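The block underneath contains the structure these notes are about, expressed in structure tokens.
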Amino acid sequence: MKKIEKDKSIIRFGVSIPYDLIHAFDEYIREREYSNRSEAIRDLIREKLIGQEWEEKEFEGQEVVGIITYVFNHHKRDLVDSIIDIQHDFPDHVIVSQHVHLDHHNCLEVAIVRGEPNALRNLAYKLKALKGVKHCQLTMTTTGTSLS
Ligand code: NI
């Protein structure tokens, strides 16, 4: 009988995902005609890592401006305090933030930030890690000084 060698370069792992999220992901997979979830996940990871690498090279050693957009649960009252605390840890970076009440359950905030890319990333990661923050995205761009 032929012995099947296990490919050690492929790692399998289990992931816990909320029902709504996997439902949306399966929809994403269907639209793009992926044959399975694994291939779609591999592509998303590659895309994310390549995007990050590009961004790191693009802005290396420069001061940049950024916009952090985050949507969070309005009903988690301690969350607003945590968000404010994090912003206070970056007083030189946060230029302005604006709060919008999206609907009965959700708030949107936009923070305009400025500084070293790593500091801005760090700030965005801290916001993203808060429980109740549903979405958080940092977009960076040039301050304009390096462009003629
Ligand atoms: Ni609100």
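None of the figures in this text is laboratory data; all of them are computed from the coordinates on show. Note that this is a predicted model, so its numbers are computed, not measured. We place every Cβ from the backbone using ideal geometry, glycine too, and count neighbours over all the protein chains shown.
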Inset, instruction - Let me have the relative contact order for the stretch 62-142, percent, based on Cα pairs under 8 Å that are six or more residues apart. - result: 50
Inset, instruction - Grab the DSSP H runs of the chain that are 4 residues or longer, score each as -39,500 (n - 2.57), total them, divide by all residues and round the 222 nm result to the nearest 500 deg cm²/dmol. - result: -13500 deg cm²/dmol
Inset, instruction - Considering the options His101, Met140, Ala40, tell which one lies farthest towards the positive end of the dipole of the chain, charges being +1 on Lys and Arg and -1 on Asp and Glu at the Cβ, about the Cα centre. - result: Ala40
Inset, instruction - Can you tell me the relative contact order of the chain? Whole percent, Cα pairs under 8 Å, sequence separation 6 or more. - result: 28
Legend entry - At R0 = 30 Å, FRET efficiency that the Cβ-Cβ distance of Phe90 and Arg46 yields, to 0.05: 0.45
Legend entry - Unit charges on C-beta of K, R, D, E only; dipole of the chain, Debye: 780
Legend entry - Net charge of Cβ neighbours under 14 Å - reference Glu55; Lys, Arg +1; Asp, Glu -1: -3
Inset, instruction - For the stretch 62-142, just run the numbers: alpha carbon Rg, then divide by 2.2 N^0.38 Å, N being how many residues it has. - result: 1.03
Inset, instruction - Would you please state the base-10 log of I(q)/I(0) at q = 0.20 1/Å for the stretch 13-131, with intensities from the Debye formula using one equal scatterer on every alpha carbon? - result: -1.14
Inset, instruction - Would you mind getting me the FRET efficiency between Asp103 and Ile11? Use the beta-carbon distance for r and R0 = 41 Å, nearest 0.05. - result: 0.50
Legend entry - Dipole-positive endmost among Val113, Phe13, Phe90 within the chain (Cβ charges, Cα centre): Phe13
